[in-house]
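Asker: Just passing along the structure, written as structure tokens.
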Amino acid sequence: MYQLLQVIIRVILSYIIVYITFRVMGKRELGELSIIDLVVFLMIAEIIALAIENLDRPFFYSVVTILILVLLQKGLSYFTLKNAKLRDKLEGTPSVIIANGQINYQEMKKQNYSFDDLINQLRDRSVRSISEVDFAILEVDGTLSVFKKGESKISPLPLIISGNIIKENFQYVDITEEEVMRLLKEKGYNDIKEILYANYENDELFIVRMVK
């Protein structure tokens, strides 16, 4: 009877702890979880399961372990927010599968992404044929973002994020890095670190200034 009561109490406490933990870690849909978030969530689930099953082990140990994981996740989230290169290393970067209507076979091979995968995900987005697609980007979480031809002249691949130039994206737009830097100076931006986001849209440079 005592053990049953222990289990009930641990289940209730675990529910409360997990609820608070997920609230602290922020609201995200399951498909939007980063690799860091997913690892932490899986570890928390395992720790909670062991805490409920292993009644001989003090429950406090599990609480401390979860607290350490949450602090680790928040710390990494903070540093990756400040450092784009670190974020790319830890979480990976989106892969351009189709650009300007052309299939990137090398990138598909690199990501172990088959033609069947591409066709299936296009159908999921009501795309009948590859001929309709202007850009298809395989996101870090495995979802495929699809942009059809003729929808707009806005590039789905930003040129600057958090004060960092995304050099690999210039191959998909009709503007060079030098031209972007010149346009920024003309608009009064002398330091690229002032730019939170810049994109090539309708033959113009769209800019969002960093909030201080």
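The values are calculated or read from the model by the stated rules, or taken from the named source; none is laboratory data. This structure is a prediction, so every number in the text was calculated from the model and none was measured. Backbone-built Cβ (ideal geometry, glycine too); neighbour counts: all protein chains shown. To get the accessible areas, we keep the full protein, side chains included, count just its heavy atoms, and leave off ligands, DNA and RNA. Shrake-Rupley method; radii C 1.70, N 1.55, O 1.52, S 1.80 Å.
Asker: Kindly provide the set of residues from the stretch 106-140 that are open to solvent by 50 Å² or more (accessible area, probe 1.4 Å), hydrophobic (A, V, I, L, M, F, W, C) and closer than 16 Å to Pro94 by Cα, ordered by number.
Answerer: Passing the criteria: only Val140.
Asker: Mind listing whichever residues of the stretch 45-70 are surrounded by 11 or more Cβ atoms within 10 Å (Cβ to Cβ) and among the aromatic types (Phe, Trp, Tyr)?
Answerer: Correct list: Phe59, Tyr61.
Asker: So is Gly150 within 14 Å of Gly101 (Cβ to Cβ), loosely packed, with under 13 Cβ neighbours inside 10 Å, modelled with pLDDT under 90 and small (Gly, Ala, Ser) or not?
Answerer: Against the criterion (within 14 Å of Gly101 (Cβ to Cβ), loosely packed, with under 13 Cβ neighbours inside 10 Å, modelled with pLDDT under 90 and small (Gly, Ala, Ser)), Gly150 qualifies.
Asker: While we're looking at this one, here's another question. Can you spot a residue in the stretch 159-170 that is of a type in the set (Phe, Trp, Tyr) and open to solvent by less than 60 Å² (accessible area, probe 1.4 Å)?
Answerer: Yes: one or more hits.
Asker: Does Val211 meet the test of being at pLDDT below 90 and over 15 Å from Asn104 (Cβ atoms)?
Answerer: Yes: the conditions hold for Val211.
Asker: Among (1) within 15 Å of Ile97 (Cβ to Cβ); (2) in a loop (DSSP other than H, G, I, E, B); (3) in contact (Cβ under 8 Å) with a residue 24 or more places away in the chain; (4) open to solvent by 20 Å² or more (accessible area, probe 1.4 Å), there is one condition Pro156 misses while meeting the rest; what is its number?
Answerer: (3)
Asker: Between a residue in the stretch 35-60 that is part of a helix (DSSP H, G or I) and any residue that is of a type in the set (D, E, K, R) and at pLDDT below 85, which pairs come within a Cβ distance under 7 Å, given they are 6 or more apart or on different chains?
Answerer: Ile35/Glu91; Ile36/Glu91; Asp37/Arg28
Asker: Further question: Could you pull out the residue among Leu13, Leu30, Leu86 that is in contact with a Phe, Trp or Tyr (Cβ under 8 Å, 6 or more places away or on another chain), modelled with pLDDT under 85 and not β-branched (Val, Ile, Thr)?
Answerer: After ruling out the rest, the residue left standing is Leu86.
Asker: Count, please, the residues in the stretch 120-148 that happen to be in contact with a helix residue (DSSP H, G or I) (Cβ under 8 Å, 6 or more places away or on another chain) and assigned to a helix (DSSP H, G or I).
Answerer: 2
Asker: Tell me whether the stretch 173-185 contains one or more residues that are closer than 14 Å to Val96 by Cβ and either part of a loop (DSSP other than H, G, I, E, B) or open to solvent by less than 30 Å² (accessible area, probe 1.4 Å) (or both).
Answerer: Of the residues in the stretch 173-185, the ones closer than 14 Å to Val96 by Cβ are 173.
Filter once more, so that each one left must be either part of a loop (DSSP other than H, G, I, E, B) or open to solvent by less than 30 Å² (accessible area, probe 1.4 Å) (or both): 173.
Yes, the stretch 173-185 has at least one match.
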